[in-house]
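Derivation of every value follows stated rules applied to the coordinates shown; laboratory data play no part. Since the structure is predicted, the reported quantities are computational estimates derived from the model, not experimental observations. Heads up, the Cβs are rebuilt from the backbone with ideal geometry, glycines too, and the neighbour counts pull from every protein chain shown.
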Amino acid sequence: MNGVDLIKACSAIGAGLAMIAGIGPGIGQGYAAGKGAEGVGRQPEAQGDIVRTMLLGAAVAETTGIYGLIVALILLFANPFF
Amino acid sequence: MNGGFGPYKVIELPGGIVISQTVTVTWFIMLLLTIFAYFASKKFDKVPNKFQNVVEVLVESIYNLTKQTMGEDKINFAPYMGTLLLFIGIANISGLFGLRPPTADVNTTLGLAIMTFVMVHYNAVKSNGIKSYLKGYLEPMPFLLPLNIIGELANPISLAFRLFGNIVGGVIIMVLLYNALGFISSSLGIGIPILQAGIPAVLHIYFDLFAGLLQSFIFTMLTMVFISMAMD
């Protein structure tokens with residue numbers, strides 16, 4: 001096994017590890033959706049505003065997971081070392 | 001359709017100018033929007049016909065969204081936000097028609113995010129004056145200046161990578177699914193990849209239609225929120 005092969009293998013492992021970051025947004029978005037459902041249940045007439053705010057919050061909570069995805073994509077497709 | 005990253009070369013003009021697939025699909029979307037705008041604004045009747053009704057509802061809902069998010073005094077931003085919403089929306093759902101979405105290229109999304117960044121700072125200086133704009137970097141304490149600058153620079157990057165990551169993730173999953181279905185149907189001994197028909201439709205609806213339209217809405221909403229936050 002030469003050096004490039006080792007780098008490729010380690011990059012694949014690293015990409016898998018980077019996607020562990022997906023746990024955080026999952027929990028965060030689930031929490032946001034739960035609170036949104038709670039809010040709609042309490043105040044059904046404000047559903048439009050609640051859904052819009054919830055989607056915006058969920059999108060911002062997603063950012064860290066997207067960073068993990070970008071790191072994984074760079075490791076697999078745009079790796080500077082091979 | 002290929003997986004992965006970055007632009008795909010279509011042709012290379014003399015002088016080293018590369019025309020990538022992103023550029024050609026963007027031209028196509030520009031043509032589509034221009035034709036739509038031409039026919040939508042060609043003639044207005046007092047009693048609107050069906051097409052004019054649809055256009056009026058679209059324009060009115062964009063104006064209402066801008067008014068609700070940014071306030072009555074910033075209603076002049078509505079045309080820009082509508083353009084952003086329509087362009088990103090059509091770009092994201094172009095994956096449904098077998099094209100590669102231009103937003104699956106980081107150059108497009110970073111360009112859009114830099115436009116937002118310039119607008120945020122230009123309007124902040126314009127509405128608050130250069131003195132209080134620069135003073136805002138020294139709050140709450142002067143030694144937090146580097147952190148404030150990094151925080152401002154992180155905004156366009158997170159805006160760009162959110163859109164890019166969502167779209168390119170969907171594209172990669174679709175490519176993997178198509179390859180897997182082709183492999184399964186060829187190992188079942190069928191000459192044509194028959195499994196590729198029908199099964200991916202559900203994922204197309206999620207990744208292209210739902211996530212694409214949602215991401216265009218979120219990009220526009222965040223642009224509106226950033227600009228109105230910088231202006232007050």
Open item on the list: Helix A:3-18 against the longest principal axis of chain A: what's the angle in degrees, Cα atoms only, rounded to the nearest 10?
Closed with: 10 degrees
Task: Residue (of B:ASN123, B:GLN196, B:MET30) at the positive-pole extreme of chain B, dipole from beta-carbon charges - done: B:MET30
Open item on the list: Angle check, please: helix B:211-231 long axis (alpha carbons) against the longest principal axis of chain B (alpha carbons), in degrees 0 to 90, nearest 10.
Closed with: 10 degrees
Task: Viscosity 1.567 mPa s, temperature 4 °C, Stokes-Einstein D of chain B from Kirkwood C-alpha radius, µm²/s - done: 63 µm²/s
- [ ] Mind checking the full-extension length gain between B:TYR133 and B:SER41? Use 0.36 nm per residue of separation minus the Cα-Cα distance, one decimal, nm.
- [x] 29.2 nm
- [ ] List the aspartates and glutamates whose Cα lies under 15 Å from the Cα of A:LYS35, skipping any in the same chain that are fewer than 8 positions away.
- [x] A:ASP49
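Beyond 18 Å, what share of the Cα-Cα pairs of segment A:3-77 is found? Please give it as a whole percent.
53 percent
Around A:ALA32, under 15 Å between beta carbons, what's the net of Lys plus Arg minus Asp minus Glu among the other residues?
Details: positive: A:LYS35, A:ARG52; negative: A:GLU38, A:ASP49, A:GLU62.
Summing Lys and Arg as +1 and Asp and Glu as -1 gives -1.
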Open item on the list: If you split all Cα-Cα distances of segment B:172-227 into 10 Å bins from zero, what percentages do you get per bin, shortest first?
Closed with: 22, 34, 21, 14, 8, 2
TODO: Obtain the nm distance between the two label points defined at B:VAL18 and B:GLU60 by a simple spin-label model: each point lies 7 Å from its Cα along the Cα-to-C-beta direction.
DONE: 4.8 nm
Task: Student exercise, chain B dipole from Lys, Arg, Asp, Glu Cβ charges, in Debye to nearest 20 - done: 260 debye
- [ ] Could you tell me how many degrees, from 0 to 90 and to the nearest 10, lie between the Cα long axis of helix B:145-187 and the main elongation axis, the longest principal axis, of the Cα atoms of chain B?
- [x] 10 degrees
Task: Average partner coverage of B:149-159, which counts Cβ from other chains inside 10 Å - done: 1
TODO: Give me a single rounded figure for B:214-221: the average over its residues of other chain Cβ atoms within 10 Å of their Cβ.
DONE: 3
- [ ] Fewest Cβ neighbours within 10 Å first, please rank B:THR66, A:THR63 accordingly.
- [x] A:THR63, B:THR66
- [ ] Would you mind computing, in nm to one decimal, how far apart the modelled labels at A:ALA78 and B:LEU32 are, each placed 7 Å from Cα along Cα→Cβ?
- [x] 2.5 nm
TODO: In whole Hz, with x marking every Gly and Pro, tabulate ³J(HN,Hα) for segment B:99-108 from phi via Karplus 6.51 cos²θ - 1.76 cosθ + 1.60, θ = phi - 60°.
DONE: 8, 8, x, x, 6, 7, 10, 5, 5, 5
- [ ] Take peptide A:59-67, look around each residue's Cβ out to 10 angstrom, count Cβ atoms belonging to other protein chains, and average those counts.
- [x] 5
TODO: Order these peptides, B:129-135, A:50-56, by their mean beta-carbon neighbour count within 10 angstrom, highest first.
DONE: A:50-56, B:129-135
Task: Relative packing of B:149-160, B:50-61, which averages over residues the other C-beta atoms within 10 Å, highest first - done: B:149-160, B:50-61
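Regarding the protein assembly as shown, what is the average projected area of its C-alpha convex hull, in nm²?
Values: hull surface 99.4 nm².
If you wrap the Cα atoms of the protein assembly as shown in a convex hull and average its projections, you get 24.8 nm².
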